[in-house]
1. Taking segment 342-389, which residues are over 25 Å from the mean Cα position of the chain (by Cα) and modelled with pLDDT under 95?
2. For segment 9-23, indicate whether the set of residues that are of a type in the set (Gly, Ala, Ser) and buried (at least 20 other Cβ atoms within 10 Å of the Cβ) is non-empty.
3. Condition first: more than 24 Å from residue 54 (Cα to Cα) and open to solvent by 10 Å² or more (accessible area, probe 1.4 Å). Now tell me which residues in segment 244-257 satisfy that.
4. Just a yes or no: is a residue in segment 37-45 touching a residue at least 12 places away in the same chain (Cβ under 8 Å) and not acidic (Asp, Glu)?
5. If I ask for residues that are outside any helix (DSSP H, G or I), over 18 Å from residue 281 (Cβ atoms) and of a type in the set (A, V, I, L, M, F, W, C), which ones from segment 354-392 would you list?
6. Return the only residue of 281, 361, 368, 311 being open to solvent by 30 Å² or more (accessible area, probe 1.4 Å), in contact (Cβ under 8 Å) with a residue 24 or more places away in the chain and either of a type in the set (Ser, Thr, Tyr) or more than 27 Å from residue 256 (Cα to Cα) (or both).
7. Mind listing whichever residues of segment 180-200 are hydrophobic (A, V, I, L, M, F, W, C), outside any strand (DSSP E or B) and in contact with a Phe, Trp or Tyr (Cβ under 7 Å, 6 or more places away or on another chain)?
8. Going through segment 371-391 one residue at a time, which ones are under 26 Å from residue 109 (Cβ atoms) and either touching a strand residue (DSSP E or B) at 6+ places or on another chain (Cβ under 6 Å) or without any contact (Cβ under 8 Å) to a residue 24 or more places away in the chain (or both)?
Amino acid sequence: MTEDWKTRTKLVHEGIRRSQYGEMAEALFLTQGFVYPSAEVAEARFISSGPDEFIYARYGNPTTRMFEDRMSAIEGTEDAFATASGMAAVNGALMSLVKSGDHIVAARQMFGSCLHVLKVLGQFGVEVTLIDGAVPENWAQAVKPNTKVCFFESVSNPGLEVIDIEAAAKAAHSVGAKVVVDNAFASPIFSRAVSLGADIIIYSATKHIDGGGRALGGVVLGTHEFIRGPLETYVKHTGGAMSPFHAWIMLNGLGTLDLRVRAQAANAEAVAKATLGHPKLARTIYPGLEDHPQHALAMKQMGAGGTLLCLDLAGGKEAAFGFLDAMKVISISNNLGDAKSIATHPTTTTHKNLTDEERALIGITPGLVRISMGIEDKDDLIADVLGALDAA
């Protein structure tokens with residue numbers, strides 16, 4: 001890791017491993033296993049493997065290790081472990097930190113699958129307390145002597161509420177708990193989680209990092225002790241490791257990550273401003289707008305409003321469906337962070353398994369549409385959204 005390199009340089013060059021052929025591009029090592037020069041070397045490697053010594057693709061691979069090293073370099077952590085998906089990262093991180101009798105404090109503003117993992121942990125004797133994470137003092141009030149983890153999305157899915165990382169970290173560390181931050185919406189480009197007190201950072205690499213809608217992936221970042229200790233042990237034995245091919249895709253995505261994310265955020269801000277006060281909307285939600293409740297916090301933690309915005313159509317589900325169906329540039333899908341713009345109706349897709357009361361509690365109305373802005377021309381996106389609103 002070269003400390004004095006800037007982020008864009010690290011995104012292109014950090015962690016590179018070249019074979020004896022001196023290839024320019026990152027090499028793709030499509031192998032499930034590795035050959036040892038002797039039985040003695042095999043024995044030694046199973047006792048302790050060096051950074052460039054590999055055993056089995058589920059444990060590690062040169063292509064995957066390049067991705068892990070590059071991610072830890074840009075995030076500012078000691079180490080990283082790549083997983084098969086973002087949810088494998090969430091599951092692996094939490095399962096590696098708690099046992100029966102332990103306590104987790106988590107923000108209730110969260111992706112449905114993350115809430116499901118917390119529910120499963122509860123079935124195994126882990127106590128889970130859900131709080132309104134957007135109220136900073138709630139963290140201090142919720143932690144207990146047996147709290148081991150404070151877990152939240154730094155920007156919530158889909159309501160775009162911004163959680164105060166410093167406040168949560170202060171509360172967690174007061175009882176010796178770890179702060180686990182799902183940072184997918186912020187992206188590595190706008191992340192300041194480490195400097196704000198986060199202990200473990202999680203990304204769905206499917207979002208932003210790939211950027212082309214091609215592959216699933218996740219990554220957990222933290223101290224070397226945690227990553228190569230309990231986390232690696234859990235993930236490699238339960239089968240949640242990233243494939244070398246997907247690691248290669250993610251490496252190629254990282255090269256343009258900074259350029260893409262900044263362009264996406266600029267588009268999101270432009271569309272949000274263009275929709276403010278529209279008669280078809282109950283509200284426009286974007287952390288980069290001054291009317292957002294956590295605007296100042298978003299600027300402090302990310303320095304930008306991010307790549308996503310939400311439009312809450314006053315006409316409810318029917319208006320939302322009419323809006324979605326009328327768009328020509330923006331696609332209807334449930335992913336986010338791609339170079340292509342994507343719109344999602346959370347009530348009927350990503351959060352449909354929640355009750356009406358649970359959705360209302362985290363601000364998901366029948367008219368809410370989440371839009372992940374891509375890198376298309378700003379004027380085309382504005383015209384597409386405004387035209388679809390007129391047709392809704």
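The values are calculated or read from the model by the stated rules, or taken from the named source; none is laboratory data. Since we're looking at a predicted model, the values are computed, not measured. Counting neighbours? That spans all protein chains shown, and the Cβs are built from the backbone with ideal geometry, glycine included. Ligands, DNA and RNA are stripped out before the accessible areas are found, and what is left, the full protein with its side chains, is counted by its heavy atoms. Shrake-Rupley method; radii C 1.70, N 1.55, O 1.52, S 1.80 Å.
1. Within segment 342-389, 356, 357 qualify.
2. Let us first name the residues in segment 9-23 that are of a type in the set (Gly, Ala, Ser), namely 15, 19, 22.
Still in the list and also buried (at least 20 other Cβ atoms within 10 Å of the Cβ): 15.
Taking every residue of segment 9-23 in turn, at least one turns out to be of a type in the set (Gly, Ala, Ser) and buried (at least 20 other Cβ atoms within 10 Å of the Cβ).
3. Once the filter is applied, which keeps residues that are more than 24 Å from residue 54 (Cα to Cα) and open to solvent by 10 Å² or more (accessible area, probe 1.4 Å), segment 244-257 yields 255, 256.
4. Checked segment 37-45: no residue is touching a residue at least 12 places away in the same chain (Cβ under 8 Å) and not acidic (Asp, Glu).
5. Hits for segment 354-392 are 354, 362, 375.
6. On the way: 281 fails: open to solvent by 30 Å² or more (accessible area, probe 1.4 Å); 368 fails: open to solvent by 30 Å² or more (accessible area, probe 1.4 Å); 311 fails: open to solvent by 30 Å² or more (accessible area, probe 1.4 Å).
On inspection, the qualifying residue turns out to be 361.
7. Once the filter is applied, which keeps residues that are hydrophobic (A, V, I, L, M, F, W, C), outside any strand (DSSP E or B) and in contact with a Phe, Trp or Tyr (Cβ under 7 Å, 6 or more places away or on another chain), segment 180-200 yields only 184.
8. 371, 372
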